[in-house]
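Let me begin by presenting the structure, written as structure tokens, before commenting on it.
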Amino acid sequence: MDFNDSTEEAAYREKARAWLAENAAAHRAKWGELKPNTPEHMAAAKEWQATKASAGYACITWPAAIGGGGGTPIQSVIFGQEETKAGLGYGYFTIGLGMCVPTVMAFSDGETKKRFVSPAVRGDEIWCQLFSEPAGGSDVAALRTRAVKDGDEWVINGQKVWTTGAHYCDYGILLTRTDPDVPKHKGLTMFWIDMKDPAVECRPIHQMSGGREFNEVYFTDLRVKDSQRLGEVGDGWKVALVTLMNERLAVGGSAGPNYREIMKLARELAGATGPSLKDQSFREKLADWYVQSEGLKFTRFRTMTALSRGQTPGPESSIGKIISANQLQELANTAVEMEDQYGILSDPEVAPAEAAFQQSLMWAPGLRIAGGTDEILKNIIAERVLGLPGDVRVDKDVAFKDMPTGR
Amino acid sequence: MDFDYSDDQKFLKEEARKFLAAHCDVGVVRGVLDNADRSFDEKLWKGVAEQGWLGASIPEEHGGLGLGRVELCAIAEELGRAVAPIPFASTVYVLAEGLMAYGSDAQKASILPRIAAGEVIGCLATSEGPGVVGPATLQCRVDGGKLSGTKIPVTDGDVADIALVLASESGRPGLFLVDLKGAGVSRETLKSLDPTRGVAKIVFDGAPAERVGDAGAGFEVVQGVLDRAAVLLAFEQLGGADRCLEMAKEYALGRYAFGRVIAGYQAIKHKLADMYVKNEVARSNAYYGAWALNDGAQELPVAAAAARIAASEAFWFASKENIQVHGGMGFTWDVDCHLYYRRSRQLSLVAGAPKVWKERLVSELEKKNAA
């Protein structure tokens, strides 16, 4: 058991640090402090991604021949740590590179791979994942978007929801229903699509947090070629599971304030009987948050250790989001309550430091749902880690068209 | 970075599990539980000594195996799993580890070989009644090398040969080594929440006492001893918590209600998933503690506190929910759930309650941030 870098790891970290010292500073000098979700922010992100790709620091674990870094999972983690320390890190590419492009690589022909992988690694093209639908949240396979074969093409009609970044993405992977006469998991087929096609319409969703990062996406007679199919007809669920498996690796850490930030706030804020940091009930919560955050960090290290020993990481990474999303919600709420009446205020112009907690308070409910609700993640742990029986599924043997929908 | 047991350590852990399966089944545990005159299993103690576990991390020059602390952690995890009824923690984590960290050369040379050989049982005597003992309340005193005062409760104090005792000398706190078989010591066995671990009241009346560590540094030395013990205890707690999850799972998979196994109901599945999450958080924090202990890292106080808090929470949750999953069966004397419930409480309190460790953790974080 060793918490320190090995000789090779230390050498890699040194190299990454030196590279970042030079390039990150230059990048920041050019782009400064940009507001997220603006065209300038996106342009900066694309430039940074391309810079990393040229140096082998984008998709570090992928082969160099397809634009990756040809490195190890540990190297990827090390670079990520150093990049965060250097104050850089854009979220636009996470879903595409973490989930969509690996699916395209696993299920498409050589020509398609050649066309798409390298531009995605360089950040020239951004991908989104079109799975969720109004009728199928946690029950992904209950989706209704239809794809009907017409000669060498498919015609797609329907609606997706909660698609992150659909409004700025170039391509997407789309799960459709191609056979409603068989049970729900058996009649699905996956395609890649061009998000700029006029038959695709994105409508941003105004979230309770005030943001608009997600979209509803409508398809009206969208025509795709059969060569855009990923996997066999009717095998879409199998393909989707590969995507979702990668999701667990890609969606790990949580954004937002942690125990350090709330500790800083508590040091500065007056409580009823002195500084809030001296309040005994707050101190106990703080200790719990520290233990959970560090526990999660070390759990990720254990996963990395498994990877570096050539083992596959287990579904234990499912614990990450359960802990971090709940903690973010509780921590933000404690901070807001600690501010007393001032906690009502959510104006970044007046209270920039405090507003971060208000923002997290409104964002946390979404984090507890996105990428699997707490309940679904607990089911995953119970069934795939502990080997307990699956839930009773009354629709298992029912043709999709005969499934009760309640409307 | 390498965050798991090595292959050799895993092998040692498997061997330990096999040995305990053969020599510490639940009959052995119940043999102590059901007999008020016994607070540990002498045969198991002898076997454990023969395996070399008592001296696992004691240097070879003092009769031990000279292994690292991670190896000791692996053994601790298995002892916790088996709820082994022996004074291992008091003797190894506290007395041996304490002497190795703070003892004089003479103290090490005279006591460590006897620990490794299984000839000596140790204990730590700090508590003097309900609540946390602090500089303002410490009553036991050493005068001219003679200790007087009362310690209650002392875990394993009913069977121990040697005690580490917190007492003040000329108004300054110190930690003292006392021979419990010598003059000026009388003790009384008391009932324990976990009868597989003994507990006593010890009255000192002019007992010869020899200081361990610097004069006046009693609380710092005790805290240093507890930091080390906390990491090892965390592994015992983790082993116990994992076993509770297994027991709950085995039971839920075999028990039918309303026409199907209860393991298929989401309320039970989610309960077991919650146990798993807490156990994994505890495991990860314990591994960090093991690294800090083994490397003598300056992060030890924080790592030890985090390991102890996480492990105490995990074992408490797993032990109480294990009973709940078992239903009425779980509340009977005959089913083993209560062995773990008792042990979880014993282990959470023996080196200071989680509340105390939470305060210590936050104080350390404050220091870190002020620096």
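The values are calculated or read from the model by the stated rules, or taken from the named source; none is laboratory data. Not measured: the values here are computed from a predicted model. Glycine gets a Cβ as well: all are built from the backbone with ideal geometry, and neighbour counts include every protein chain shown. Keep in mind that these areas ignore ligands, DNA and RNA; they rest on the heavy atoms of the full protein, side chains included. Shrake-Rupley method; radii C 1.70, N 1.55, O 1.52, S 1.80 Å.
Rolling a 1.4 Å probe over the protein heavy atoms gives region A:127-243 an accessible area of 41 Å² per residue. Applying 1/(1 + (r/R0)^6) with r as the Cβ-Cβ distance of B:ARG38 and B:VAL356 and R0 = 22 angstrom yields a FRET efficiency of 0.10. Taking every alpha-carbon pair under 8 Å whose residues sit at least 6 apart, region B:1-135 reaches a relative contact order of 27 percent. Legend: Rg and Dmax of region B:173-243, from Cα coordinates, 15.7, 45 Å. Could you sort out which of B:LYS10/B:LYS108; A:LYS52/A:LYS85; B:LYS108/B:LYS191; A:LYS15/A:LYS52 sit more than 21 Å apart by Cα distance in this structure? The answer is B:LYS10/B:LYS108; B:LYS108/B:LYS191. Cross-link reach is defined here as a Cα-Cα straight distance under 21 Å, omitting same-chain residues fewer than 8 places apart; for A:LYS184 the lysines meeting it are A:LYS149, A:LYS160, A:LYS238, A:LYS396, A:LYS401. Computed from Cα positions, the angle between helix B:337-350 and the longest principal axis of chain B comes to roughly 30 degrees.
Applying 1/(1 + (r/R0)^6) with R0 = 51 Å to the Cβ-Cβ distance of A:ASP395 and B:SER363 gives a FRET efficiency near 0.40. All alpha carbon pair distances within region B:7-117 were sorted into 10 Å bins beginning at 0; the resulting P(r) in whole percents reads 14, 46, 30, 10, 0. Based on the alpha-carbon gyration tensor of region A:1-131 and its eigenvalue square roots a ≥ b ≥ c, which shape applies: rounded if a/c is under 1.5, prolate if not and a/b is larger than b/c, or oblate? The shape class here is oblate. For B:ALA207, nonlocal amide neighbours, meaning residues 5 or more places apart or on other chains whose placed amide H falls under 5 Å from its own, are B:LEU147. Give the angle, between 0 and 90 degrees and rounded to the nearest 10, that separates the Cα long axis of helix B:42-51 from the longest principal axis of the Cα atoms of chain B. With rounding to tens, the tilt is 90 degrees. In region A:140-252, the ratio of gyration radius to Kirkwood radius, Rg to Rh, stands at 0.97 when only Cα atoms are counted. Oblate is the label for region A:112-153, because the ratio a/c of its alpha-carbon gyration tensor axes (a ≥ b ≥ c) is 1.5 or higher and a/b is not greater than b/c.
Please state the shape class of region B:120-186: rounded when a/c is under 1.5, otherwise prolate if a/b exceeds b/c and oblate if not, all from the C-alpha gyration tensor. The shape class here is oblate. Taking θ as phi - 60° and the Karplus parameters 6.51, -1.76 and 1.60, the scalar couplings of region B:85-90 work out to x, 9, x, 5, 4, 4 Hz in sequence order, x denoting glycine and proline. Taking all protein chains together, A:HIS41, B:HIS23 sort by accessible area into B:HIS23, A:HIS41, largest first [probe 1.4 Å]. The per residue volume of the convex hull around the alpha-carbon atoms of chain B is 144 Å³. Sparsely packed loop sites in region A:10-61 (the GluC sites (Glu not before Pro) outside DSSP H, G, I, E and B with at most 15 other Cβ atoms within 10 Å) comprise A:GLU33.
D for chain A, whole µm²/s, Stokes-Einstein with Kirkwood Rh over alpha-carbon pairs at 25 °C and 0.890 mPa s: what number? Diffusion coefficient, whole number: 105 µm²/s. Between the helical axis of B:69-81 and the longest alpha-carbon principal axis of chain B there is an angle of about 50 degrees. Across chain A, the relative contact order, built from alpha-carbon pairs under 8 Å that are at least six residues apart, equals 12 percent. When both region B:317-342 and region A:22-79 are represented by their alpha-carbon centers, they are found 53 Å apart.
Surface burial for B against A, with a 1.4 Å probe and both sides summed, reaches about 4500 Å² of accessible area. A simple charge model with +1 on the Cβ of Lys and Arg, -1 on the Cβ of Asp and Glu and nothing else charged puts the dipole of the protein assembly as shown at about 820 debye relative to its Cα centre. Using every pair of distinct Cα positions in the protein assembly as shown, the Kirkwood expression returns a hydrodynamic radius of 29.2 angstrom.
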